[in-house]
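Notes follow once the structure below has been shown.
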Amino acid sequence: MLQLRLSTQLIVDEAKRRNWPVDIIDASQSFVRIHPHNGETILLKSVISSKSNALAAQIADFKNITAYLANENGISTPHTEEVVSLTQAISFMNKHTRVVVKPLAAAHSNGVTIDITGEEQLRAALLHAQPHSKTTLIQQQVDGMDIRLLFIGKRFAAGAARESASVTGD
């Protein structure tokens, strides 16, 4: 069983001492949710709380936490698993036909391979992702648009549809 980092564990222990409910969202990242009795909810990653704007960047950096919070708020995301073995990754790919492999914590598509349909492609994709993060994810590939949304202070601020680069002509 994974343990929280010491500083997070101390905060969780104090919350429990006060009889505040605590949800461990991801122990490996020390990501928890605390429910004080005032009706508020506090997200916490290590010692960075949702009372700080810095937590948004922390959440965005970890794709599994982003997906967890999106799903919890009614936003569907592709089926995703942490890769623990090549056998498990192959089994996942066989269920979903086309998959994406990506590092857990990397930006700008570094280490990402898309449209994987065969075992050799999968092996190569896993090797490509490894230098970018200790943990690799395998994800069901879903066709559609890549849309980025920006919220500031719980209000929608901007949106952008990303398109892959392409060349037409000579």
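The values are calculated or read from the model by the stated rules, or taken from the named source; none is laboratory data. Note that this is a predicted model, so its numbers are computed, not measured. As a convention, Cβ positions derive from the backbone with ideal geometry for all residues, glycine included, and neighbour counts pool all protein chains shown. Calculation scope for accessible area: heavy atoms of the full protein, side chains included, ligands and nucleic acids excluded. Shrake-Rupley method; radii C 1.70, N 1.55, O 1.52, S 1.80 Å.
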Legend entry - Among (1) touching a Gly at 6+ places or on another chain (Cβ under 7 Å); (2) touching a residue at least 60 places away in the same chain (Cβ under 8 Å) - the single one Leu149 does not satisfy: (2)
Legend entry - Every pair of residues 6+ apart whose Cβ atoms lie under 7 Å, when the first sits in the stretch 5-26 and is assigned to a loop (DSSP other than H, G, I, E, B) while the second is surrounded by 12 or more Cβ atoms within 10 Å (Cβ to Cβ): Arg5/Ser30; Arg5/Ser46; Trp20/Ile34; Trp20/His35; Trp20/Pro36; Pro21/His35
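Does the stretch 29-84 hold any residues that are in contact (Cβ under 8 Å) with a residue 60 or more places away in the chain and surrounded by 16 or more Cβ atoms within 10 Å (Cβ to Cβ), and which are they? Give the derivation first.
If we filter the stretch 29-84 for residues that are in contact (Cβ under 8 Å) with a residue 60 or more places away in the chain, which is where we start, we get 63-64, 78-80.
Within the stretch 29-84, Lys63, Asn64, Thr80 qualify.
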Inset, instruction - Would you mention how many residues in the stretch 58-112 are in a helix (DSSP H, G or I), modelled with pLDDT under 90 and within 22 Å of Gln130 (Cα to Cα)? - result: 9
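Out of all the residues in the stretch 146-160, which are over 18 Å from Pro78 (Cα atoms) and open to solvent by less than 100 Å² (accessible area, probe 1.4 Å)? Break it down into steps so the answer makes sense when it comes.
The first filter runs over the stretch 146-160 and keeps only residues over 18 Å from Pro78 (Cα atoms), leaving 150-160.
Across the stretch 146-160, the qualifying residues are Leu150, Gly153, Ala157, Ala158, Gly159, Ala160.
Residues checked against (1) in contact with an Asp or Glu (Cβ under 8 Å, 6 or more places away or on another chain); (2) of a type in the set (A, V, I, L, M, F, W, C); (3) open to solvent by 30 Å² or more (accessible area, probe 1.4 Å):
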residue	(1), (2), (3)
Phe92	yes, yes, no
Arg98	yes, no, yes
Lys102	no, no, yes
Ser109	no, no, yes
Ile116	no, yes, no
Glu120	no, no, yes
Lys134	no, no, yes
Ile138	yes, yes, no
Gly144	no, no, yes
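For Ala56, are the conditions met, namely being among the hydrophobic types (A, V, I, L, M, F, W, C) and more than 22 Å from Gln121 (Cα to Cα)? I'd like the intermediate steps shown before the answer.
On the way: among the hydrophobic types (A, V, I, L, M, F, W, C): yes; more than 22 Å from Gln121 (Cα to Cα): yes.
Against the criterion (among the hydrophobic types (A, V, I, L, M, F, W, C) and more than 22 Å from Gln121 (Cα to Cα)), Ala56 qualifies.
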